[in-house]
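Engineer: Take a look at the following structure, please.
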Amino acid sequence: MGVFFAGCTSLAVELSASRLLGNYFGSSNLVWAAIIGLILIYLSVGYTLGGKWADRSPEYRTFFSILLWAALCIGLVPLVSRPILRLASQAFDEMRMAGLFGSFAAVLALFSLPVILLGTASPFAIRLAMDDTQKSGSVAGKIYTISTLGSFIGTFLPVILLIPAIGTYKTFVTLSAMLMAAAFLGLWKTVNLKSVLKFIWMPLVLAVATFFGIRGMDKTASNVIYEGESAYNYIQVQEINGFRILRLNEGQGVHSIYHPTQDIYRGPWEQVLAAPYFYDPSTEPQEVQQVAILGLAAGTSANQVVSVYPSAKIDGFEIDPEIVEIGYSYFNMNKTNLEVFTEDARVGIAHSSQTYDIISVDAYRPPYIPWHLTTREFFQQTYDHLSDKGSLVINVARIFNDRRLVDALYMTIASVFPSAYVVDIPDTLNSVIYATKMATRSENLITNYVAIDKTKVMPGLLRYAMETAILNLQPAPKDGIILTDDLAPVEWITNAMIFDLFFSGNVEELQ
């Protein structure tokens with residue numbers, strides 16, 4: 001029993017640690033590598049320590065006492081880490097990299113003691129079960145089988161059940177209470193009730209730490225009107241000067257924005273509207289009938305599409321159902337011509353029976369870009385789901401003049417589409433790539449702008465989008481790798497961009 005719950009808790013703690021840190025530092029492959037690598041080191045130390053400890057004190061009392069201390073340490077992680085992570089949140093907002101890395105290292109160090117103690121469980125249990133050395137292999141095999149079964153359960157427990165239901169902090173407390181209960185039961189069964197009473201103060205400390213440690217907001221952001229967690233994201237909604245802003249995880253970047261009396265936000269969302277006008281002759285707004293938004297978030301682009309193309313039917317793909325609910329509750333996403341699909345964007349578009357006049361991809365959040373939405377095969381799927389005069393629009397990030405990600409995506413898209421264009425959004429780090437299913441010319445955008453302007457019925461939102469595209473059109477990239485399902489080193493590109501930024505000393509300019 002003790003081995004099962006130790007295995008279950010160790011994997012559950014690892015998954016929960018990734019979520020705890022992801023809320024503040026993001027979920028890039030670098031963050032995952034740091035977590036997994038250090039957890040493995042801590043477990044290795046525990047294995048070594050557990051074997052030696054078991055040889056010195058091969059008693060059930062010692063074994064279950066170790067698990068009790070591990071349980072208590074797990075439960076105290078939220079209490080101790082929260083002030084450190086709040087400092088990390090401030091450091092991230094102010095781009096103070098020393099404070100950011102220091103907080104990251106400090107929180108990872110907090111996991112050393114509980115994970116090392118959990119690592120002692122298997123070698124200790126093998127020593128306790130070793131009555132006949134001729135059966136040592138069989139005993140060791142059974143112990144590791146039980147531990148691995150526990151780890152299997154622990155892999156799914158926080159992700160599927162606990163974190164979406166009660167949040168990250170309470171998940172740690174629940175894991176602590178679960179392991180503590182198992183250790184108490186084991187101590188009672190193998191030793192006596194008196195030995196249990198010696199540790200009865202532990203659940204009291206856990207209860208007090210829980211009460212004082214998880215109250216209030218997780219972060220120190222101002223004007224927060226909603227805070228919560230889903231299976232995919234830590235979510236905040238802020239209301240600043242009448243604007244509602246959706247922030248996810250570490251809080252860098254605005255994923256959706258809404259104002260009841262304004263519809264121009266000077267970001268990448270408006271640029272979706274200009275997509276049909278690379279064709280000639282001019283495309284009237286009412287001709288846009290079908291739109292797909294891959295990465296719907298809380299519906300900013302959908303609201304703008306409805307404003308300019310009121311007869312268009314919109315299919316919005318968003319993998320996180322909690323964000324969809326946020327869109328309905330806080331971002332006025334209740335549009336009758338919007339149908340929401342809560343599934344992965346690539347799966348959704350692949351199985352869609354529709355053809356679209358516009359497909360917008362806004363699912364990239366560097367440095368953790370879903371690589372399967374960057375490949376030639378994915379763009380072939382979008383091509384196949386466009387109408388004869390359909391257009392693809394993609395929001396891509398760059399860092400100042402570092403355009404490696406933009407160039408790679410442009411070259412990949414251009415390997416599928418006959419025409420592609422890049423527009424830099426002023427005063428942002430966003431570039432938008434347009435691609436058309438038929439061959440087009442950039443000059444058509446100006447021709448269409450003039451033609452629609454003469455009708456004097458051009459919506460202000462469309463005017464802004466077209467003017468932004470015309471004035472900020474960039475030369476076509478000449479170099480860049482083509483990303484495929486077999487080889488899409490997106491992480492290499494984004495990591496290199498970030499490291500180059502840090503070493504350049506220009507981090508403060510991102511504020």
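Engineer: Checking the structure you have, find out if any residue of the stretch 300-320 is in the same structural domain as ALA439 (by TED's automatic domain parsing), assigned to a strand (DSSP E or B) and surrounded by fewer than 20 Cβ atoms within 10 Å (Cβ to Cβ).
Structural biologist: Kept after step one, since they are in the same structural domain as ALA439 (by TED's automatic domain parsing), are these residues of the stretch 300-320: 300-320.
Next, only the ones that are assigned to a strand (DSSP E or B) stay: 313-317.
Add one more test, that the residue is surrounded by fewer than 20 Cβ atoms within 10 Å (Cβ to Cβ), and what stays is 313.
Yes: one or more hits.
Engineer: Please pick out the residue among GLU491, GLU467 that is among the acidic types (Asp, Glu) and modelled with pLDDT of 90 or more.
Structural biologist: Being among the acidic types (Asp, Glu) and modelled with pLDDT of 90 or more holds for just one of GLU491, GLU467, which is GLU467.
Engineer: Would it be correct to say that GLU377 is modelled with pLDDT of 95 or more, assigned by TED's automatic domain parsing to the domain that holds ILE433 and over 25 Å from ILE257 (Cα atoms)? Before the answer, list the steps.
Structural biologist: Details: modelled with pLDDT of 95 or more: yes; assigned by TED's automatic domain parsing to the domain that holds ILE433: yes; over 25 Å from ILE257 (Cα atoms): yes.
Criteria met by GLU377.
Engineer: Report every pair of residues separated by at least 6 positions or lying on different chains whose Cβ atoms are under 8 Å apart, first residue within the stretch 326-337 and surrounded by fewer than 14 Cβ atoms within 10 Å (Cβ to Cβ), second at pLDDT 95 or above.
Structural biologist: ASN334/TYR328
Engineer: While we're on this one: Say we look at the stretch 233-260 and pick out the residues that are touching a residue at least 12 places away in the same chain (Cβ under 8 Å) and out of contact with any strand residue (DSSP E or B) (no Cβ under 8 Å at 6 or more places or on another chain); which of these is surrounded by the most Cβ atoms within 10 Å (Cβ to Cβ)?
Structural biologist: Taking the candidates together, the pick is GLU250.
Engineer: May I pose another question? Which residues, taken from the stretch 302-329, are hydroxyl-bearing (Ser, Thr, Tyr) and either at pLDDT 95 or above or over 23 Å from SER391 (Cα atoms) (or both)?
Structural biologist: TYR328, SER329
Engineer: Could you identify the single residue in PRO123, PRO158 that is surrounded by 19 or more Cβ atoms within 10 Å (Cβ to Cβ), more than 28 Å from the chain's Cα centre (by Cα) and in contact (Cβ under 8 Å) with a residue 24 or more places away in the chain?
Structural biologist: Checking each option against the conditions leaves just PRO123.
Engineer: With at pLDDT below 95 and either of a type outside the set (D, E, K, R) or surrounded by fewer than 16 Cβ atoms within 10 Å (Cβ to Cβ) (or both) as the only criterion, which of PHE417, PHE400 stands out? Full working, then the answer.
Structural biologist: Numbers: PHE417 fails: at pLDDT below 95.
Unique residue meeting the criteria: PHE400.
Engineer: Separate question: Which of (1) at pLDDT 90 or above; (2) under 23 Å from VAL254 (Cα atoms) is the odd one out, the single condition GLN511 does not satisfy?
Structural biologist: Every condition holds for GLN511 apart from (1).
The values are calculated or read from the model by the stated rules, or taken from the named source; none is laboratory data. Since the structure is predicted, the reported quantities are computational estimates derived from the model, not experimental observations. Neighbour counts are summed over all protein chains in view; Cβ atoms, including those assigned to glycine, are modelled from backbone coordinates with ideal geometry.
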